[in-house]
Amino acid sequence: MKKTLALALILMCVFVIASCDNSQNDTPNGSSSGDTNPVTDAHVHEYGEWSIIKNSTCSVKGEEERICSCGAKETQYIDSLAHTEVIDSAVMPTYASEGKTEGKHCSVCNEVLVRQDSIPKLKEIVINDVTFEKKDGVLSIGDTITINVDVDTRYDVFIIKIQLKSAQKPENEASAWVNIEKGDPKKDIYTATLTVSERMFPGDWYLSWVYVEDQYSAFEYYRPEQNTVVFTVSE
Ligand SMILES: [Zn+2]
Ligand SMILES: [Zn+2]
């Protein structure tokens, strides 16, 4: 009986010691969310204030921790700071150099926030459009076709050649040149005339390409995306 009492006393003591440690949890400002330590089930952590252990920057998240009196630590990330945006101005292209679109980067970490895309150099020659004027219907030998080439050039035009192909016999080609006189004022639209000849295969004809060269030998080709029939020659 005495032994049992002694055992009970020892157990009580252990309980008191354990509950002594546990007593911290009774304080009303316990901020712990009740996560119990799986080892000492009775203990509920009571953490102090968060304190920063690593400052956040715009490129790296910071960290903070809080500590329980038992030594347990809890850490969490702190949101990274906003980037400091700087505008990278657009650069207009020139005939000699590429341009750039407007961009943005962070002046602190240098991260590119909006990429600058390159803009191609200005073209010395831009062929905008090629149009055909002719009589309606099927053309006969001797009929003429007026070909208008809408072109923007930096310098004076030197050569404009228009090449046409037979749809039925592609090796059969016909050419027309714009007659350019030296001293002509620069134009927006240059005109050539093609006369249907007996050497042209009967059937459909399409525009193959247009070549434009300026006085400084810069040149440009215009090739239609599709072989669209522009006129038909009679049998
Ligand atoms: Zn604790
Ligand atoms: Zn940054």
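Observations, loosely collected:
- The stretch 90-138: C-alpha gyration tensor shape, a/c 1.5 cut-off, then a/b vs b/c: prolate
- Given their separation in residues at 0.36 nm each and the Cα-Cα distance between them, D150 and V138 gain 1.8 nm when the chain is fully extended.
- Sorting the segments 123-130, 48-55 by their mean number of nearby beta carbons within 10 angstrom, highest to lowest, gives 123-130, 48-55.
- A Förster distance of 25 Å, applied to the separation of the beta-carbon atoms of S89 and N128, puts the FRET efficiency at 0.25.
- Maximal additional length on extending the S97-E181 stretch stands at 27.1 nm, based on 0.36 nm per residue less the C-alpha distance.
- Approximate spin-label separation E173-N110, in nm, with each point projected 7 Å along Cα-to-Cβ: 5.2
- Convex hull (Cα only) mean projected area of the stretch 125-233, reported in nm² to one decimal: 6.8
- Placing a label point 7 Å from the Cα of I189 along the Cα-to-Cβ direction, the residues of the stretch 118-150 whose backbone N falls under 17 Å from that point are 127-135, 145-150.
Readers should treat all values here as calculations from the given coordinates under stated rules, not as data from a laboratory. Note that this is a predicted model, so its numbers are computed, not measured. No Cβ is skipped: glycine too gets one built from the backbone with ideal geometry, and neighbour counts run over all protein chains shown.
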